[in-house]
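Chemist: Encoded as structure tokens, here's the structure I'll be asking about.
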């Protein structure tokens, strides 16, 4: 039964769900193997103790917390951007929203795992949850880690709903086109969506409220992640700029991740017709804005510290600016500003490829930024006798690589089961678009096939 | 009246001999981590004698400074703990409840004095070194943060003994292991709430200052700086 | 007769069909329109505009706020433990928990009331036609009153492009 | 062993429900025998038992905190578990005159001697090549039969003079028993060997003050203190007593601000506390003392006659030490005349003032002259036997003159036929030029009483492990550290863990079982009995025992190695943690950060920053130290506490064979030392070697530092 001529949008976007190439299986297998290596590394760490990681006295936080902040930052790609664009009713957002929101959900899940991975006794992590227990003790709500627990849970709940609710009409569409087990699964997941005007209206106004609610939550999440650092009087952590600085950095890295994901989808799922250069152009402009904002924050932070000349802060300042961490620091500056700025400023370079190059640079730069916020400060606390140094161990590196693999794998799998571009939203964007006339007999056949 | 335990470290007496360090290991069941782990920065010394060089050869001097948990009143390590493992107890001690600790190590970061130590692995005592362990001090498992307690086991014992006899703990009768061992008497421990105690009187010395005082953590350890020799004495 | 409906490709036609049904005296809430997209530009998609979803969200938020307040302010006093010289009930940090609980309440209330008011999950009605997800707009009446039933066919067919179907 | 003991020990209770149940689980670990407890214990209640710290010669009285616990023990050849009183912590004994309730870092760690995992648990006999470390367990009966047979053979053949005993310098009844045993069997006197030995200062004190004894510095009442290389707060003499007195000197004399000046070539841990630190070339400390005395006499602050006999021991003293004017001192030491004059005036004006010399300053070929110079300075300002000055602890037990030196054994043409070793480790701690290991290879039969296998006892044919000090009678008859006699004797603080025997009891047992009885027989059956009986050694006479000697002329220190080829003075020093290496087996001390370098589990070479830069050596880089006698490799520590023409290295590491914690770790500085000595006492001049240094490799991770930075404000560039 050939329905392609009926609805090219739906057909293009649904195709990946029904046709899977050998390449997909191959790469999924490779990625899954890497993820399993990560799981094994974690098991190894739990068995032998967190000491297999490179953390030490006094650098109690290392790669794991770097990755935590990084992934939580990446998670700001989706829901926040999509919510903002939804509220300002930016038309070009329509093909972008879902692939962005998926990044949020998976990046949050991965990011939220890192605090667990880094715990000395991860099997007791549930003690962070507020519940009446025989221990008669509740979480300490003065601890930024408990704030994290609440903020991340709220954001994750919101983001998952924000992703799932608008997916229902598309699931219904697949239900109507699928047969066999797919029909059953998608039929169940579609919750009996029919597309009545009432349903559409509820969905639209519900999403409007969610968009309003999710924006402050997203801002609060990364602010609270920043609070994990700025609440401690550690040199160069104890800064009021950290909240907005982290939020800006999060959006910055989030957009970069989104651009890379979109470029990959465009190439691999042949979605050139839906993800236009203009999308990259627009996101590229946004990335440029965030790059400038990032540079502004860094300058404000550095200048304030330098001008204040407080000895313990200056120790950290010089360690990053000219000392042991300087190579990483200047790499970060190059990646976050020197590379993206010209690419994204010059119209000629702001192509799909250009945006992807800039985004890769930004991802590397922002990862380094998180590393450089955490480690140099801990290694240079005021009593110089207790200065230390940190080098990551194999377990930490394997786990980090595994989370990148997990992200790609989850994204691939998701795009296998759900149209990665919201079909109904795209159709709204393409109006008016009368469906191609369908022969009566085909309609009759559909009718017979209805659930 | 409640006790408020504090300490005075007289830097004019301290000779940097580190008797306090081993005394603490012996009293508090601190694990010996071994050379490999020590090389990775996992050595555990609840009390350390910091050494700072000043000047260059031959006009060189050394500053010793024993640093242990300062038992801060406004301890930065406490609030950041999500499980109340680190909190202020009724004697003003910065208590660490090992059983509650889930190992976020946030307290270790928040502590400006870096006096918190983490069990990166299960501590090992090669047989029969376990016979040296102090039965009054619990062992800490892998993944748990630990720190100087002011020898809380001794405080508890002294309190219950005093309570049984319905008296207050006499000044000087109770000492943590470090202060007890210190040959030069550089460490003076006692109740800051008792204005007549030696520690309270020494805390008021004009030689006194707190470590990183401007952070406002209200440490309960007072450092008495070295007394200078004046050429006029010649 | 259980139901009668017509499929249109053109939203303008669907709008005409809705008006035709109204002309027959079909009650507003008996007219069913199904589509694969919202068609917010058309009057037929606005027939059901109720705005109280915002109030539910607000109520959810207030509930979350109260829950957050109780969670923090009461549990802190159940076993009062001092940390860092902060008050036992520390309003500043508690505000963060209260905020997150408020937002969580609002989000959950929105999502739940969205699903309930949109009758999700539910079984597909007899009116439903999979052609809707192909892009057709379905206009119809479920369980029409007998006297009207026969005239509905005509009214729907009267709009150009309509393919009328009857479910027995 | 009496039948009653057998019953008490052997009665196996198999058999509490738990252990029976566990045994049935089939896990061999749990198939343990549980012996009936040998003592009444209240669970969880601590008992304090006195003992004496054995780790150095200071003789600190300690209290062991004993609590009950389950220990794996050996009883009559069977391993099992028993509940027993176990010392858990050592504290200084407040009633003891030396420790005064305090204890040093090493004394705190003494507990691990008893519970050390590599402690010998039973007698052993060598089975492999000598030195291979292969031993087999044997019974005490077999071991003693063999030893007695050997002794009988030697005595029968009239070769009792071929029996040698090498132990550590000990004082008290145990030393007395050894000496008596050897005397009565017809063997030479025991050899006392210790690397950091104090023969020079004892001899100097004998010459100056008529006391062959270590001095006690009454710091608690001193107002002005000049140290000449003496590490009296760290590793030398009686550190706990002097540390306690130092605390009182600093803050126990209301209204007095005291001054402490330290004169030395490398900043010691003691020097680190000085108000003024004076760097001098090695071997010239005495010149400074003489220069101070010169100024004091020249300015008429004190007459030369005030120095009395101590002054008379120094040639030219009565004439005002004309050869040691400030300008001369500057020529020797580089100290400006103005500084010498100032220090002299301060020293004379701020009495009680005292000078103290010890340790590295005496480890020179002119060590005795250096010590005599400082003694004369003390006497000049009237600081001998007065409050705030040099005191001598009254002792009941005193060595009558110097003990026999290892050099006499080593220097002899023929190797002894039978060697008894008691904890001394001369193979590790004597310079290569002494060829101690070669000598020991030629000894037909070696018996070691030590509780551990070390570089020397690994050569033994029989290992007869002694009890640990906590399992033994302990005695303290301190030579120094207290103004009053501070003798103490304490019974064992715990039952023995293993199948070990107290060495004095073994000697007594052997003495009884010899074919030809000792002449006269030893009057004691057991060591218990002996320690409670009066001593046979005459007390040291209060008056000077010998007539005043002739004055000694100042002699410049001689050094081994051409200055051209070997441009650096090599200054080994006692490690605060490991002392001379005899404590390298204790994990607590291995993991102790060194006070000045903060190094743990490491050996290192201290190099001046300028020198290091010139030679391209960075911290942690591997450096080779080469003398005319050997070379060692160790990582570099860049230290501002040492001059550009010297390098220093702690003793203690570089063990080949000394338990799992010390073996194969770091390097031993003794390996490069020249066999120079102080001629009058024969004491090794361990500071008299010159070396060259070279970088031989990048940091290999063997330098483990606890501290992250050496300065409080390492960043000088501010905003720049």
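Chemist: Helix D:367-380 versus the longest principal axis of chain D: what is the Cα-based angle in degrees, 0 to 90, to the nearest 10?
Modeler: Compared with the principal axis, the helix lies near 70 degrees.
Chemist: Normalised by the empirical 2.2 N^0.38 Å for globular proteins, what value does the Cα Rg of segment A:158-275 take? Please report the intermediate quantities before stating the final value.
Modeler: Values: Rg = 20.0 Å, N = 118, 2.2 N^0.38 = 13.5 Å.
Here the answer is 1.49, to two decimals.
Chemist: Let me ask you something else. Roughly how crowded by other chains is peptide B:60-70, in terms of the mean Cβ count from those chains within 10 Å of each of its Cβ atoms? Provide the component values of the computation, followed by the final result.
Modeler: Working: counts 9, 10, 12, 4, 5, 3, 0, 3, 0, 0, 0.
Average neighbour count from other chains, rounded to a whole number: 4.
Chemist: At a threshold of 8 angstrom on Cα-Cα distance, excluding pairs fewer than six apart, so keeping six or more, what relative contact order does chain D reach in percent?
Modeler: Details: 1692 pairs, mean separation 113.0, N = 720.
Rounded, it is 16 percent for chain D.
Chemist: If I build a Gaussian network model for chain C, linking alpha-carbon pairs within less than 10 angstrom, which residue out of C:119, C:35, C:84 has the largest mean-square fluctuation?
Modeler: C:84
Chemist: Something else: Could you give P(r) for segment C:1-144, binned at 10 Å from zero, as whole percent values over all Cα-Cα pairs?
Modeler: Spelled out per bin, shortest first, that is 10, 26, 21, 14, 12, 10, 6, 1.
Chemist: Right, another one. Against the longest alpha carbon principal axis of chain A, how many degrees, from 0 to 90 and to the nearest 10, is the axis of helix A:144-164 turned?
Modeler: 10 degrees
Chemist: Residue by residue through C:105-117, how many Cβ atoms from other chains fall within 10 Å of the Cβ on average? All intermediate terms of the calculation are to be shown ahead of the outcome.
Modeler: Working: counts 2, 8, 12, 4, 2, 11, 11, 2, 3, 11, 8, 1, 6.
Other-chain Cβ atoms within 10 Å of each residue's Cβ, averaged: 6.
Chemist: Running a GNM on chain B with Cα contacts under 10 Å, which residue among B:21, B:62, B:97 ends up with the highest mean-square fluctuation?
Modeler: B:62
Chemist: Once the Cα atoms of helix D:199-209 and of chain D are each reduced to a long axis, what angle between those two axes, in degrees from 0 to 90 to the nearest 10, is obtained?
Modeler: The angle comes out near 60 degrees.
Chemist: Could you work out [θ]222 nm for chain C from helices alone, using -39500 (n - 2.57) per DSSP H run of at least four and dividing by all its residues? Round to the nearest 500 deg cm²/dmol.
Modeler: On the way: 5 runs with 83 residues, N = 168.
Theoretical 222 nm ellipticity from helices: -16500 deg cm²/dmol.
Chemist: May I ask for the distance between the Cα centers of segment D:110-139 and segment D:40-89, given as a whole number of Å?
Modeler: Cα centres, segment D:110-139 to segment D:40-89: 21 Å.
Chemist: More than 51 angstrom separation, counting every C-alpha pair in chain D; what % is that?
Modeler: 14 percent
Chemist: Here's a follow-up. Please compute the average number of Cβ atoms from other chains found within 10 Å of each residue's Cβ in peptide D:237-246.
Modeler: 4
Chemist: Picking from B:60, B:33, B:80, which is most flexible by a Gaussian network model of chain B using Cα springs under 10 Å?
Modeler: Answer for the Gaussian network model of chain B: B:60.
Chemist: Among D:678, D:156, which comes first, second and so on when ranked by fewest other beta-carbon atoms within 10 Å?
Modeler: Result, fewest neighbours first: D:156, D:678.
Chemist: Using only DSSP helix segments of four residues or longer, with each worth -39500 (n - 2.57), what per-residue ellipticity at 222 nm results for chain A after dividing by its residue count and rounding to 500?
Modeler: When only DSSP H runs of four or more count, the value is -23000 deg cm²/dmol.
Chemist: Express the relative contact order of chain B as a whole percentage, based on alpha carbon pairs under 8 Å and six or more residues apart in sequence.
Modeler: The value is 30 percent.
Chemist: Further, regarding this structure: Which of the peptides A:282-290, D:373-381 is most tightly packed, and how do the rest follow, going by the mean number of other Cβ atoms within 10 Å of each residue? Write down the numbers at each step before the final one.
Modeler: Working: A:282-290: 21.0, D:373-381: 29.6.
Top of the packing list down: D:373-381, A:282-290.
Chemist: While we're on this one: If you average the sequence gap of Cα pairs under 8 Å that are 6 or more apart and divide by the length of chain A, what percent do you get for the contact order? Intermediate values should be presented prior to the final figure.
Modeler: Values: 580 pairs, mean separation 134.8, N = 451.
Relative contact order here is 30 percent.
Chemist: Follow-up. Starting with the fewest neighbours, write out B:213, B:141, A:396, A:136 ranked by other beta-carbon atoms found within 10 Å of each beta-carbon.
Modeler: A:136, B:213, B:141, A:396
Chemist: Quick check on the protein assembly as shown: what are the equivalent-ellipsoid semi-axes from the Cα gyration tensor, as sqrt(5λ), descending, whole Å?
Modeler: Largest first, the protein assembly as shown gives 82, 35, 29 Å.
Chemist: As a check on your grasp of the helix formula, calculate [θ] at 222 nm for chain B: sum -39500 (n - 2.57) over DSSP H runs of n ≥ 4, divide by the residue count, round to the nearest 500.
Modeler: -5000 deg cm²/dmol
Chemist: Distance between Cα centroids, segment D:237-271 to segment B:178-220: provide it in whole Å.
Modeler: 21 Å
Chemist: Further, regarding this structure: For labels at residue D:631 and residue B:159 in the simple 7 Å Cα→Cβ model, what's the distance in nm?
Modeler: 6.2 nm
Chemist: Just to confirm my numbers, what's the Cα centroid distance between segment A:270-292 and segment D:585-661 in Å?
Modeler: 60 Å
Bear in mind that the values in this text are calculations on the coordinates, not laboratory data. Quantities reported herein were computed from a predicted structural model and do not represent experimental measurements. Don't worry about glycine lacking a Cβ; one is built from the backbone with ideal geometry, like all the others, and counts go over all protein chains shown.
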